[in-house]
Amino acid sequence: MSQFDITTLGEIMVRLSVPAGERLELTRTLDVQPGGAEGNVATALARLGRRCAWGGALPDNALGRLIANRLRLANVDLGCVHWASEGRAGLYFLEFAGSPRNSEVIYDRAESCAARLTPDQIDWSRLMDTRHFHVSGITPALSSQGLACTQRSLGEARDRGITTSLDVNFRARMWSPAAARSALLPLMPQVDVLFCSRKDAEMVFGFTGDSRSRLRQLACLVQPGVAVMSSGAEGVWARQADTEHFEKALPVEVADRLGAGDAMAAGVLHGYLDNDLSQGLRYGTLLAALILTQHGDMLVATAREIETLLQSGGGTLAR
């Protein structure tokens, strides 16, 4: 039996967000939260009771410990972390905005410990002691080392018969669509579950048409695997073989827009591990809605709360 249900590899940064309604250039207060795609997925799955581990690099200082402490609170294993004696944690600054302004993110992550992590610094035997491995397109966008770690991780998983998933998670401030496409397409033969937003399907891969058309084009990249496409307020689509699934998005009062895609991916993987993709989409839409109601990228909820909301649909007074 594997030690873990799911392991992940990537970067977790320190998020510094401005209070809603304030501008970054004038603020005197910043809210501090850790966040990073793969860590967000691992945290949400651990909250559901899955045995999870996160792999990556953290600086051996207070910021590294801040990140690690949040993962420990969710019961995510950190035995695969490379603690760097030199280097830094990546930072990003978030300025919330209401219409007509757009919320803005400023990255300060160059030469972070995660970007400098090399394949020989990873404990592959521990990271691959798992049923499933997950990574995102953000990791290969970090640096040449990040791309090498991503390539190695998917190869290690495939050689060991471990199922894998990749979330495209395109970041225009990190690389171009052409660079993303060039790096990600060769990885597709090693991916069992592909996550991609409707927007990224067009931006990165050039897929057009309605949601079902884009979903089918994505599915061709990972046959005979699973393609999962989020479509914003419309909901989430999935295609496996010739079977399509759809789950409508839940209505939600938004407090913080970051982390919804990662929460959705976690919910889908929760169902995928039980060979129930339809149930996974139900978990995915619920977790995405939940993370939108709280501040921070990492879901805070108990398994009991999630199961209760899944049955009731939420929106009532618990007393």
FRET efficiency estimate (nearest 0.05) - Cβ-Cβ, Thr118 to Asp274, R0 35 angstrom: 0.50
Run the Debye formula on the Cα coordinates of segment 172-315, all scatterers equal and no solvent, and tell me log10 I(q)/I(0) at q = 0.09, 0.10, 0.14, 0.19 1/Å. -0.28, -0.34, -0.67, -1.15
Ranking Tyr92, Ala37, Gln121 by how far each Cα lies towards the positive end of the charge dipole of segment 1-136 (+1 on Lys and Arg Cβ, -1 on Asp and Glu Cβ), the top one is Ala37
For segment 245-292, run through the trypsin sites (Lys or Arg not before Pro) and keep only the ones in DSSP coil with at most 12 other Cβ atoms within 10 Å of their Cβ. Arg257
Between Asp210 and Arg257, what length comes free when the chain is fully extended (0.36 nm per residue of separation minus the Cα-Cα distance, one decimal in nm)? 14.5 nm
Treating only the Cβ of Lys, Arg, Asp and Glu as charged (+1, +1, -1, -1), what charge dipole size does segment 83-153 show about its Cα centre? Round to the nearest 20 debye. 180 debye
Probe of 1.4 angstrom, ligands and nucleic acids ignored: what's the accessible area per residue over the chain, in square angstrom? 45 Å²
What is the antiparallel percent of DSSP beta bridges lying wholly in segment 1-134, to the nearest 5? 35 percent
Given a 1.4 Å probe and every protein chain left where it sits, what share in percent of the accessible area of segment 1-135 is carbon and sulfur? 47 percent
Contour minus end-to-end for Asn75 and Arg101, with contour as 0.36 nm per residue of separation and end-to-end as the Cα-Cα distance? 5.6 nm
Distance-filtered residues of segment 204-228 - backbone nitrogen under 20 Å, label point 7 angstrom along Ala179 Cα→Cβ: 204-206
Taking alpha-carbon centroids only, segment 60-94 lies from segment 245-319 a number of Å equal to 25 Å
If you work out Cα extents along the principal axes in Å from the coordinates, which of (i) 52, 49, 41; (ii) 73, 54, 42; (iii) 96, 41, 41 do you get? (i)
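The values are calculated or read from the model by the stated rules, or taken from the named source; none is laboratory data. It should be emphasised that the depicted structure is a prediction, and the values quoted were computed from it without experimental measurement. Backbone-built Cβ (ideal geometry, glycine too); neighbour counts: all protein chains shown. The protein model used for the area step is the full one, side chains on, heavy atoms only, and it has no ligands, DNA or RNA in it. Shrake-Rupley method; radii C 1.70, N 1.55, O 1.52, S 1.80 Å.
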